[in-house]
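Inspection log for the structure reproduced underneath, given as structure tokens.
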Amino acid sequence: MAGIIELKNVSFTTQEGVIISDASVEFEESKTTAIVGPSGCGKSTMLKLAAGLLVPSQGEVNYKGKNISQMNRQENLQFRSKSAFVFQDSALWANQNLFQILELPLRIHFPGMSKEERFEKILNVAETVGYFKDLYIRPARLSMGEQKLIAFARAIICNPSLFFLDEWTESLDDNTAEWLIRVIRAKKKEGSTVLFVSHDIRLIMELADYVVVVTDGKMSVKAAKDHVLGDLLLNDSFTIGIAS
């Protein structure tokens, strides 16, 4: 299976020190990979590096063989249209209402789409993730779970095939978490590639094809899910959550 995203000898350093050290890993196309490990080990940083949101201090991150940091504007725009990142804190723009937040990706990636088509698309995607309330309010008026629904709606609105999900069900009630899991189940069936960070062992058991284990900024192992699940179940860093 070909690697759609590849980290080659990647390190990432900040003023606080080395976060990721000499990591090399391929993420297979149309497969789901869980990135796991203890809190503070560098999982979210690795996910952001894989998504091209952070530039490595050393090494390179490739998308279909092309170094993301060396892409020209058109190549980068095409990569962004094919990929989506859901942040742990949702990262919704505070100075825009929900409709504007969902409309902006359509304006960028589908400039020829009419106002009416954008309106219909936004309503459909909000319904898909289970948000049925007012779209003309700002994020501050939403609960944490509602903010995550809108973050997911923004992620899927351009119909990407590559997803990066950072602790995407953490601290959510069961109903909200199930809505989001249902969306990802559907995307998996469509052949999307999914990379996600989670401490939820049941979520990993259900969704992951592969597991990448990170310890102290180093990638200690990448293996098929069934080969590492026994060790994960014995690790106190993992929780049992909804994945039914």
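The values are calculated or read from the model by the stated rules, or taken from the named source; none is laboratory data. These numbers come from a predicted model, not from an experiment. Heads up, the Cβs are rebuilt from the backbone with ideal geometry, glycines too, and the neighbour counts pull from every protein chain shown. Quick note on the areas: whole protein, heavy atoms, side chains included, nothing else; ligands and nucleic acids left out. Shrake-Rupley method; radii C 1.70, N 1.55, O 1.52, S 1.80 Å.
Counting just the residues of segment 91-135 that are part of a helix (DSSP H, G or I) and in contact with an Asp or Glu (Cβ under 7 Å, 6 or more places away or on another chain), which one comes out farthest from THR32 (Cα to Cα)? Filtering segment 91-135 for residues that are part of a helix (DSSP H, G or I) and in contact with an Asp or Glu (Cβ under 7 Å, 6 or more places away or on another chain), the one farthest from THR32 (Cα to Cα) comes out as ARG118. A search for C-beta distances below 6 Å between a residue of segment 175-202 that is on the phi > 0 side of the Ramachandran plot and any residue that is open to solvent by 20 Å² or more (accessible area, probe 1.4 Å) and among the polar types (S, T, N, Q), counting only pairs 6+ apart in sequence or on different chains, returns GLY191/SER30. When segment 121-144 is filtered for residues that are more than 18 Å from LEU106 (Cβ to Cβ), surrounded by fewer than 19 Cβ atoms within 10 Å (Cβ to Cβ) and not acidic (Asp, Glu), the ones remaining, listed by number, are GLY130, PHE132, LYS133, ILE137, ARG138, ALA140, ARG141, SER143, MET144.
Which members of segment 159-180 meet the condition of being at pLDDT below 95 and either part of a helix (DSSP H, G or I) or of a type outside the set (Asp, Glu) (or both)? TRP168, THR169, SER171, LEU172, ASP174, ASN175, THR176, ALA177, GLU178, TRP179, LEU180 - these are the residues of segment 159-180 that are at pLDDT below 95 and either part of a helix (DSSP H, G or I) or of a type outside the set (Asp, Glu) (or both).
Filter segment 1-30 for residues that are in contact (Cβ under 8 Å) with a residue 12 or more places away in the chain and outside any strand (DSSP E or B); which is most open to solvent (accessible area, probe 1.4 Å)?
Looking at residues that are in contact (Cβ under 8 Å) with a residue 12 or more places away in the chain and outside any strand (DSSP E or B), I get MET1.
Comparison of SER57, SER83 shows that the only residue that is modelled with pLDDT of 95 or more, within 20 Å of VAL10 (Cα to Cα) and among the hydroxyl-bearing types (Ser, Thr, Tyr) is SER57.
Of all residues in segment 65-115, which are among the small types (Gly, Ala, Ser) and either farther than 25 Å from PHE132 by Cα or touching a residue at least 24 places away in the same chain (Cβ under 8 Å) (or both)?
As a first pass, look at segment 65-115 and keep what is among the small types (Gly, Ala, Ser): 65, 69, 81, 83-84, 90-91, 94, 112, 114.
Result: GLY65, SER69, SER81, SER83, ALA84, SER90, ALA91, ALA94, GLY112.
Within segment 118-147, residues that are among the charged types (D, E, K, R) reach partners that are assigned to a helix (DSSP H, G or I) and open to solvent by 20 Å² or more (accessible area, probe 1.4 Å) with beta carbons closer than 7 Å, at six or more positions or on different chains, in the pairs ARG118/GLU103.
A quick yes/no check of all residues on (1) surrounded by fewer than 23 Cβ atoms within 10 Å (Cβ to Cβ); (2) out of contact with any Leu (no Cβ under 9 Å at 6 or more places or on another chain):
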residue	(1), (2)
THR32	no, no
ILE35	no, no
MET46	no, no
PRO56	yes, no
GLN70	yes, yes
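Return yes when GLN88 is outside any loop (DSSP other than H, G, I, E, B), open to solvent by 20 Å² or more (accessible area, probe 1.4 Å) and either closer than 14 Å to VAL212 by Cβ or polar (S, T, N, Q) (or both) and no when it is not. Here the answer is no, as GLN88 does not meet what is asked. Each residue in segment 158-194 was checked for being among the hydroxyl-bearing types (Ser, Thr, Tyr), open to solvent by 10 Å² or more (accessible area, probe 1.4 Å) and under 18 Å from TYR210 (Cβ atoms), and 1 pass.
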